[in-house]
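Just passing along the structure, written as structure tokens.
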Amino acid sequence: MRPAPALYNATVLDHFLNPRNVGDVPEAEALGQAGEPNCGDAMRLSLRIQDGRIVDARFRAVGCGAAIASSSMATELIKGRTLEQARQFSNQEIVAALGGLPPAKIQCSVLAGQALRAALEDYEKRHPAASAPGRRGRK
Amino acid sequence: MRQVYLDHQSATPVLPEVLEAMKPFFAEAYGNPSSLHRHGLLARDALARARAQVAAFINAESPEEIIFTSDGTEASNLAVKGTAAACQRDGNHIVISATEHPAVIASVEFLEARGFACTRVPVDAQGMVRPADIRSALTDKTILVCVHHVNHEIGAIEPVREIGALARERGIAFYVDAEAGAGWLPVDARDWGASLLSFSPHRFYGPKGVGVLYQNRRARLAAILHGGEQEDGRRAGVENVPAIVGAGVAAEIAGREMEQRRAHCARLQRRLWDGLRAKIPRLKLNGPEPGPGRHPATLNISAEFIEGEAQLLLCDMHGIAVASGSSCASRPRKISHVLAAIGLDPALARGNIIMSLGRDNTEEDVDYVIETFPKIVAKLRALSPACEGQPG
């Protein structure tokens with residue numbers, strides 16, 4: 001018999017089985033949450049930001065394989081980005097970096113983008129000076 | 001890696017005896033049962049034998065009460081829509097339990113959009129329907145009562161005999177979806193007072209592609225598939241002869257092995273639940289405790305703080321095949337209507353896993369799951385933002 005086809009590709013499975021950057025950044029400069037932690041799928045993202053750049057990102061997530069892999073990939077993608085670059089981030093980048101998700105699972109990657117936006121807003125609230133005019137384009 | 005299949009409520013392997021019985025009807029005895037030559041007569045004879053085997057399996061009065069369909073879903077559609085069409089002059093009201101299979105619920109919804117009315121009778125926290133609630137839902141317009149024998153997700157065994165008596169008293173048709181329990185627990189169409197009763201053999205070591213609808217000889221039913229005169233005009237379309245032959249043999253073997261299968265699975269079910277709950281904090285069993293009120297082969301469990309598909313996927317990576325009633329295919333996450341009906345907290349419903357045992361599972365299989373599954377839960381809980389500072 002043929003080997004069973006996989007639900008997810010090898011990259012997605014790798015990030016699901018060995019998620020990167022799990023946990024919470026201690027004394028994080030920015031915290032973002034998306035979803036419904038008490039009843040549905042949810043992601044929490046914490047960031048260390050130095051000199052306008054994300055130097056560390058960690059997450060916790062509850063959700064399906066695609067949601068967990070997307071969260072893990074998102075932390076990898078945003079580390080090292082400037083705040084300006086992070087504001088341009090979209091979940092399509094996650095899907096592309098993961099080498100694609102099944103069509104029904106694309107929506108599961110949205111949480112990570114939402115959590116990042118929430119974290120950036122949190123940072124702006126805490127550091128109003130960091131958000132210069134012209135940089136506030138919300139998605 | 002050990003492979004442990006714990007999804008027997010979705011599908012079972014076809015038994016070698018069943019497969020052997022089916023084989024000649026693909027390339028040798030390939031005749032159409034409606035044909036009048038020897039090839040046709042041979043196929044017709046095979047259908048008659050299978051019909052008798054299936055009739056005996058559910059204690060029908062006569063093989064003529066058996067209608068072969070393409071699967072359980074078609075049988076449910078035929079039972080609900082066929083009764084509505086045949087009885088619409090008598091009334092337009094249907095009573096169902098809130099936890100029926102989607103094939104029944106969606107068929108009823110189809111009718112509701114066309115002038116029929118439906119009362120959905122709630123269940124208790126274990127998923128049990130109270131006959132008194134069915135009684136008070138009946139009106140003089142009620143033409144059909146639908147209550148399943150065993151719930152397909154949480155394994156609750158319903159008081160179908162009492163409900164059948166209520167319906168019979170009022171002259172109302174009673175349809176029992178026996179899909180989840182058939183092959184594992186005795187099914188008795190006559191004793192239950194069923195007008196209609198359905199099941200499919202792929203859940204008990206028979207093939208897919210065939211379903212069975214029992215129609216009591218006094219029950220009125222209109223066809224919903226129109227065309228030829230197959231199944232006595234009750235279901236048009238060429239019969240799936242190999243699958244029907246397999247259904248007959250699977251039913252006969254299930255009847256013979258029933259008590260052995262039930263006792264074997266019930267023992268493993270007990271061992272599995274005791275083992276898992278001892279190792280996993282904040283784990284809930286959905287539906288009745290293992291025992292006379294529950295399907296002997298199924299466990300439906302919810303681990304708090306985590307989600308179902310992720311558990312399923314990790315189980316699969318460890319060779320363990322399970323199901324989940326929770327799905328993120330829609331957002332917000334869709335909670336199973338069964339878990340909603342028993343009032344399960346959405347936080348627990350999202351982490352829902354269904355394990356269904358079979359005749360070939362062993363104590364070693366169960367011990368492997370007891371060893372492996374708690375690690376899976378712990379791994380996902382370590383990721384969960386809902387779980388901080390919680391044990392497990």
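The values are calculated or read from the model by the stated rules, or taken from the named source; none is laboratory data. Just so it is clear, the structure is predicted and the values come from calculations on it, not from any experiment. Ideal geometry is used to build each Cβ from the backbone, glycine not excepted, and the neighbour counts take in all protein chains shown. Quick note on the areas: whole protein, heavy atoms, side chains included, nothing else; ligands and nucleic acids left out. Shrake-Rupley method; radii C 1.70, N 1.55, O 1.52, S 1.80 Å.
Which ones in region B:52-68 are more than 21 Å from B:Ile253 (Cβ to Cβ) and surrounded by 24 or more Cβ atoms within 10 Å (Cβ to Cβ)?
Correct list: B:Ile67 only.
Could I ask something else about it? Among the residues of region A:13-27, count how many are more than 10 Å from chain B (Cβ to nearest Cβ) and under 15 Å from the mean Cα position of the chain (by Cα). Before the answer, list the steps.
At the first step, the residues of region A:13-27 found to be more than 10 Å from chain B (Cβ to nearest Cβ) are A:14-15, A:18, A:20-21, A:25-27.
Keeping just the survivors that are under 15 Å from the mean Cα position of the chain (by Cα) gives A:15, A:20-21, A:25.
Counting residues in region A:13-27 that are more than 10 Å from chain B (Cβ to nearest Cβ) and under 15 Å from the mean Cα position of the chain (by Cα) gives 4.
Now, a different point. Can you list residue pairs whose Cβ atoms sit under 6 Å apart, with the first residue in region B:332-351 being without any contact (Cβ under 8 Å) to a residue 40 or more places away in the chain and the second being in a helix (DSSP H, G or I)? Count only pairs 6 or more apart in sequence or on different chains.
Correct list of pairs: B:Ile335/B:Pro346; B:Ile335/B:Ala349.
Being within 12 Å of the chain's Cα centre (by Cα) and at pLDDT 95 or above narrows it down to one residue among B:Glu169, B:Glu162, B:Glu158, B:Glu153; which is it?
On the way: B:Glu169 fails: within 12 Å of the chain's Cα centre (by Cα); B:Glu162 fails: within 12 Å of the chain's Cα centre (by Cα); B:Glu158 fails: within 12 Å of the chain's Cα centre (by Cα).
Testing whether each residue is within 12 Å of the chain's Cα centre (by Cα) and at pLDDT 95 or above leaves just B:Glu153.
Kindly indicate the residue of region A:78-89 that is assigned to a helix (DSSP H, G or I) and touching a strand residue (DSSP E or B) at 6+ places or on another chain (Cβ under 8 Å) and also nearest to A:Arg126 (Cα to Cα) among those meeting that condition.
Going through the qualifying residues, I end up with A:Leu83.
Out of region B:99-114, which residues are surrounded by fewer than 17 Cβ atoms within 10 Å (Cβ to Cβ) and in a loop (DSSP other than H, G, I, E, B)? Walk me through it before giving the result.
We begin by selecting, within region B:99-114, every residue surrounded by fewer than 17 Cβ atoms within 10 Å (Cβ to Cβ); these are B:102, B:106, B:109-110, B:112-114.
The answer is B:Ala113, B:Arg114.
Among the residues of region B:259-278, which ones are open to solvent by less than 10 Å² (accessible area, probe 1.4 Å) and of a type in the set (Lys, Arg)?
B:Arg261
Quick one: in region B:59-87, of everything that is assigned to a loop (DSSP other than H, G, I, E, B) and acidic (Asp, Glu), which residue is farthest from the chain's Cα centre (by Cα)?
Filtering region B:59-87 down to residues assigned to a loop (DSSP other than H, G, I, E, B) leaves B:59-62, B:70-71.
Cutting the leftovers down to acidic (Asp, Glu) gives us B:61, B:71.
On the way: B:Glu61: 23, B:Asp71: 11 Å.
Result: B:Glu61.
Matching residues to (1) touching a strand residue (DSSP E or B) at 6+ places or on another chain (Cβ under 6 Å); (2) under 15 Å from A:Asn38 (Cα atoms); (3) within 14 Å of chain A (Cβ to nearest Cβ); (4) modelled with pLDDT under 90:
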{"residue": "B:Ala329", "(1), (2), (3), (4)": "no, no, yes, yes"}
{"residue": "B:Ile335", "(1), (2), (3), (4)": "no, yes, yes, yes"}
{"residue": "B:Ile342", "(1), (2), (3), (4)": "no, no, no, no"}
{"residue": "B:Ala347", "(1), (2), (3), (4)": "no, yes, yes, yes"}
{"residue": "B:Arg350", "(1), (2), (3), (4)": "no, yes, yes, no"}
{"residue": "B:Ile353", "(1), (2), (3), (4)": "yes, no, yes, no"}
{"residue": "B:Ser356", "(1), (2), (3), (4)": "yes, no, no, no"}
{"residue": "B:Asp360", "(1), (2), (3), (4)": "no, no, no, no"}
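Give me the pairs: first residue in region A:28-43 and among the charged types (D, E, K, R) and at pLDDT below 95, second residue open to solvent by less than 50 Å² (accessible area, probe 1.4 Å) and assigned to a loop (DSSP other than H, G, I, E, B), beta-carbon distance under 9 Å, and six or more apart or on different chains, which are they?
Close Cβ pairs satisfying both conditions: A:Glu36/B:Arg333; A:Asp41/A:Gly63; A:Asp41/A:Cys64; A:Asp41/B:Glu307; A:Asp41/B:Cys328; A:Asp41/B:Arg333; A:Asp41/B:Arg350.
Here's something else I'd like to know. May I ask you to list the residues in region B:287-312 that are open to solvent by 10 Å² or more (accessible area, probe 1.4 Å) and part of a helix (DSSP H, G or I)? Write out each step before concluding.
Looking only at region B:287-312, we keep the residues that are open to solvent by 10 Å² or more (accessible area, probe 1.4 Å), and these are B:288-293, B:304-305, B:309, B:312.
The answer is B:Glu309, B:Leu312.
Right, next: For region B:279-286, state whether one or more residues are polar (S, T, N, Q), touching a residue at least 12 places away in the same chain (Cβ under 8 Å), open to solvent by less than 10 Å² (accessible area, probe 1.4 Å) and not in a strand (DSSP E or B). If you could, list the steps in order and put the result at the bottom.
At the first step, the residues of region B:279-286 found to be polar (S, T, N, Q) are B:286.
So of that shortlist, the ones also touching a residue at least 12 places away in the same chain (Cβ under 8 Å) come out as B:286.
Among the residues that remain, those that are also open to solvent by less than 10 Å² (accessible area, probe 1.4 Å) are: B:286.
Now restrict to residues that are not in a strand (DSSP E or B): B:286.
Among the residues of region B:279-286, at least one is polar (S, T, N, Q), touching a residue at least 12 places away in the same chain (Cβ under 8 Å), open to solvent by less than 10 Å² (accessible area, probe 1.4 Å) and not in a strand (DSSP E or B), which makes the answer yes.
Okay, moving on. Is it the case, given these coordinates, that B:Leu42 is closer than 25 Å to B:Glu28 by Cβ, surrounded by fewer than 24 Cβ atoms within 10 Å (Cβ to Cβ) and at pLDDT 95 or above?
Yes.
Same structure again: Do the conditions hold for B:Arg256, that is, is it surrounded by fewer than 22 Cβ atoms within 10 Å (Cβ to Cβ) and assigned to a helix (DSSP H, G or I)? Steps first, answer last, please.
Numbers: surrounded by fewer than 22 Cβ atoms within 10 Å (Cβ to Cβ): yes; assigned to a helix (DSSP H, G or I): yes.
Yes, satisfied.
B:His226 passes all but one of (1) open to solvent by less than 40 Å² (accessible area, probe 1.4 Å); (2) farther than 30 Å from B:Arg267 by Cβ; which number fails?
(1)
Table: residues versus (1) open to solvent by less than 10 Å² (accessible area, probe 1.4 Å); (2) among the β-branched types (Val, Ile, Thr); (3) more than 23 Å from B:Ile376 (Cβ to Cβ).
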site	(1), (2), (3)
A:Pro5	no, no, no
A:Asp41	yes, no, no
A:Asp51	no, no, yes
A:Arg58	no, no, no
A:Ala66	yes, no, no
A:Ala69	yes, no, no
A:Leu77	no, no, yes
A:Gln85	no, no, yes
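The conditions are (1) of a type in the set (Gly, Ala, Ser); (2) closer than 22 Å to B:Ile224 by Cα; (3) open to solvent by less than 60 Å² (accessible area, probe 1.4 Å); (4) not in a helix (DSSP H, G or I), and B:Ala29 fails exactly one of them. Which is it?
(2)
Within region B:48-58, is there a residue that is closer than 30 Å to B:Asp188 by Cβ, part of a helix (DSSP H, G or I) and among the polar types (S, T, N, Q)? Spell out how you get there, then give the answer.
Going residue by residue through region B:48-58, those that are closer than 30 Å to B:Asp188 by Cβ are B:48-58.
Those left that are additionally part of a helix (DSSP H, G or I): B:48-57.
Pick out the ones that are also among the polar types (S, T, N, Q) and you get B:53.
Looking for residues that are closer than 30 Å to B:Asp188 by Cβ, part of a helix (DSSP H, G or I) and among the polar types (S, T, N, Q), one finds at least one in region B:48-58, hence yes.
Please enumerate the residues belonging to region A:100-132 that are over 15 Å from the mean Cα position of the chain (by Cα) and either open to solvent by less than 10 Å² (accessible area, probe 1.4 Å) or within 13 Å of another protein chain (Cβ to nearest Cβ) (or both).
A:Leu101, A:Pro102, A:Pro103, A:Ala104, A:Lys105
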